[in-house]
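Here the structure is laid out as structure tokens; the discussion comes afterwards.
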Amino acid sequence: MTVSRRTLLGAVTGAAVGTLVVVRPAHAADDLQAAIKAFTTGAPLQRGRVKLDIAPLVENGNTVPITVHVTSPMTPADHVLAITVLNEKNPQRDVITCRLGPRAGRADVSTRIRLANSQQLVAIAQMSDGSFWSDTADVIVTLAACVETP
Amino acid sequence: MARALITMPATAKRGEIVEIRTLIAHPMETGYRAGDDGQLLPRNILRRFSCRYDGEQVFSAELFPAVAANPYLTFCTIATVSGTLEFTWEGDRGFAQTERVALTVAA
């Protein structure tokens, strides 16, 4: 069988990119799971209702705008109690935890955060009925923050 | 006193949702960064933010080192009665600052 130079190069690059994407330190993911457990106190986490808005490609990790929007009627009977944002690879898992109530009117929060690495972010909302909802976002960071001088 | 900016409407209709944007000048030193001498710089962050509307807390946040320098936060509240909104930031090294903004609510 003859293999052309083009197909060989393509296959090798493809394999390299594949491994790069798959390799993720196991302990970081475990930490993130532990942080999620600490917030939900073991309650099941459901996908949906939460929308985490962040640019997929971030040039400067020192200040990254994020917005978390939670779909909720925000009435005294049914509202969002807390919103937290967790990360996977910063030195510390917590980013911010907001506490709101029916007087917020709308569960919309934005801020600017630091990202030390390309990683996954998780936003979790705690509802007044005790349920937890989440959304995740993968971000690629080209200039890291937290550890290096800005 | 750190410089703080609070952007919100001065007047609102009763029941209207007002968006509040806050920004405060603060380095938010993470405690994970080395200085010029190679030693880790001690942590100096804002840890807590809260907003009270006529004495009742409507929003609060716990901040961690992953919040960018000069923390910016936006959130919403329902205009209920004319009154004062009190914004408080607390942090390391005894940092505490309170700003007040009046909101007039028309029926």
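Worth pointing out:
- Sorting the segments B:7-13, A:47-53, A:121-127 by their residues' average number of neighbouring beta-carbon atoms within 10 angstrom, most packed first, yields A:121-127, A:47-53, B:7-13.
- Phi-derived couplings, Karplus 6.51 cos²θ - 1.76 cosθ + 1.60 at θ = phi - 60°, listed residue by residue for region B:11-22: 10, 8, 7, 4, x, 6, 8, 9, 9, 10, 10, 10 Hz, with x used for Gly and Pro.
- Region A:94-136 residues near the modelled A:A38 label - backbone nitrogen below 14 Å, point 7 Å along Cα→Cβ: A:94-97
- Sequence ranges B:22-32, A:36-46, ranked by mean other-Cβ count within 10 angstrom, highest first: B:22-32, A:36-46
- With a 10 Å cut-off around each Cβ of A:80-86, the average count of Cβ atoms from other chains is 2.
- Prolate is the label for the protein assembly as shown. Its Cα gyration tensor axes, ordered a ≥ b ≥ c, give a/c of at least 1.5 and a/b above b/c.
- Environment charge of A:T63, counting only residues whose C-beta is closer than 11 Å and scoring Lys/Arg +1, Asp/Glu -1: +1
- Global form of chain B, assessed from the alpha-carbon gyration tensor, a/c cut-off 1.5: prolate
Every number in this text was worked out from the coordinates using simple rules, so none of it is lab data. No experiment lies behind these values; they were computed from the predicted model shown. In this analysis, Cβ positions are derived from the backbone assuming ideal geometry, glycine residues included, and neighbour counts consider all displayed protein chains.
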